[in-house]
1. What per residue convex hull volume, in Å³, comes out for the range 125-201 when only alpha-carbon positions are used?
2. Select from the chain the helices, each a whole stretch of DSSP H, whose alpha-carbon atoms run 20 Å or more along the helix axis and whose Kyte-Doolittle mean is at least 0.5; answer none if there are none.
3. Assuming 1.002 mPa s and 20 °C, estimate D for the range 69-110 with Stokes-Einstein, Rh taken as the Kirkwood radius over Cα pairs, in µm²/s.
4. Which loop chymotrypsin sites (Phe, Trp or Tyr not before Pro) in the range 86-145, with loop taken from DSSP, have no more than 11 other Cβ atoms within 10 angstrom of their Cβ?
5. At q = 0.13, 0.17, 0.25 Å⁻¹, what base-10 log of I(q)/I(0) does the Debye formula yield for the range 43-143 when every alpha carbon is treated as an equal point scatterer in vacuo?
6. Would you mind calculating the relative contact order of the chain from Cα pairs under 8 angstrom and at least 6 residues apart, reporting the percent as a whole number?
7. Counting C-alpha atoms alone, how compact is the chain: give Rg to one decimal and Dmax as a whole number, in angstrom.
8. Explain nothing, just the number: dipole magnitude of the range 36-93 about its Cα centre with +1 on each Lys and Arg Cβ and -1 on each Asp and Glu Cβ, in debye rounded to the nearest 20.
Amino acid sequence: MPLAEIKSKPRWERRKDARPQELLAAALDLFVERGYAATRLDDVAARAGVSKGTLYLYFENKEELFKEVVRANLVSALAEAENYVSQYTGKSRDLLRGFILRWWKHVGETKLSGISKLMLAESGNFPDVARFYHEEVIQRSNALIIGMLERGIARNEFRPIDTVNANLVIVAPVVMLMMWKHSFHSCRLEPISAPEYLDCFLDLLLNGLQSTASSAPVSQSLN
C-alpha cells in the first residue's frame, strides 16, 4: 500500500495495538483537567483520535475506563514501591525517606497527582469509584507506610508510636502539597517549592521518629 494512502487513513485504522494506551493517556489528561463528572467519553475518544465506538470495544463505560487509568498508573507505581520496600536492606529512616521522595518523583510531581485531587473532590458523589480507589490505592499505600514504621520500631531505629495514626499524619502533608500544586500553584498564586517543602517535612518527620537509642539527628538536604 502506498505511503500516501496509509497516511490518509484515520489514526484509529493505523494503530490498533496502541489504541488502549492512547485511550488511557487521553483519559488521564481529561480526568485531571476536568474531573470525573465533567469528563465525557466522546471527548476521550476525540483526544485519542478514535471513534466513540472504538472506545467501547475496550472499555464498557466511564467508570471502567477510570479504573483502568488508576490501575495502569497508580497501582503499577504502588507495585514498584512495594518491590522497592521489600528489597531494601538499609536503615529504616533512609527507606522511609527514599519511599516518600520516589513517590513524589513518580506521582506527586506528575499529572498523576491530579487523580488524588479528583478523588478528594468527587468521591462523595461516586461511592463505587471511591470504594475502588480506597481498596486499590489508599489501603495498599497505608500498608506500605505502616510496614516501614513497624520495621523501624522493631529494629529500635524508631521510637514506639501509634503507627496507624502516624501513617495518616505522614500522608497528609504530601497530599496537601499535591492539592496545592493543582490549585493555587496552577493559578500562579503562592507557589511552594516542592524540594524545600519536602526537605523540611522529612527533617521534622525523621527526627521526630528517631529512637532515643539512635545516634545524632538525621537532618539531610535534598540536594
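Read the figures in this text as sums done on the coordinates, not as results from a lab. All of these numbers come straight from a predicted model, not from anything done at the bench. Heads up, the Cβs are rebuilt from the backbone with ideal geometry, glycines too, and the neighbour counts pull from every protein chain shown.
1. Per residue, the Cα convex hull of the range 125-201 comes to 118 Å³.
2. 163-181, 194-209
3. Estimated via Stokes-Einstein, D reaches 199 µm²/s.
4. In loop regions of the range 86-145 (DSSP not H, G, I, E or B), there are no sparsely surrounded chymotrypsin sites (Phe, Trp or Tyr not before Pro).
5. Debye curve over Cα of the range 43-143, log10 I(q)/I(0) at q = 0.13, 0.17, 0.25 Å⁻¹: -0.57, -0.87, -1.36.
6. That works out to 18 percent.
7. For the chain, the Cα-based Rg and Dmax read 21.0, 74 Å.
8. Taking the Cα centre of the range 36-93 as origin, the dipole is about 240 debye.
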